[in-house]
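A.B. asks: The structure's right below; bear with me while I get my questions together.
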Amino acid sequence: MLGLKALKGGFLSILLGIGDFSRIIAGSVSVLYAVGIGAASWGDYFGSLMLPTLLGNVIGGVLLVVAINHARVVSGEGRVQDEQDEQD
């Protein structure tokens, strides 16, 4: 599992940047333009871009948050905040 220091160092950002992952906002601009000029249909937009990309973005975002939170708990950083909250 990736450590918290690797996550803080930007390793995950670099990995995500190198991967050729579809982004729903940037991809929608070009595909909606194609729909607008008649080069693609609404079915192409929803079936080939929007729904699969949205689903991938949601799953990827949830997994990213889970990984970061897991790394914080394993490293002990998450427990320090909990102890401070109990003292207040």
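Computed from the coordinates by the stated procedures, all read-outs in this text should not be read as laboratory data. Just so you know, these numbers come straight off a predicted model, no measurement behind them. All Cβ positions, glycine included, derive from the backbone under ideal geometry; neighbour counts span all protein chains shown.
A.B. asks: Using Cβ counts within 10 Å as a stand-in for footprinting exposure, how do Arg23, Arg72 rank, fewest first?
C.D. replies: On the way: Arg23 11, Arg72 16.
The fewest-first ordering by Cβ neighbours comes to Arg23, Arg72.
A.B. asks: Same structure, new question: Arranged from highest to lowest average of other beta-carbon atoms within 10 Å per residue, in what order do the peptides 61-68, 44-51 appear?
C.D. replies: Numbers: 61-68: 11.5, 44-51: 15.0.
So the order, starting with the most tightly packed, is 44-51, 61-68.
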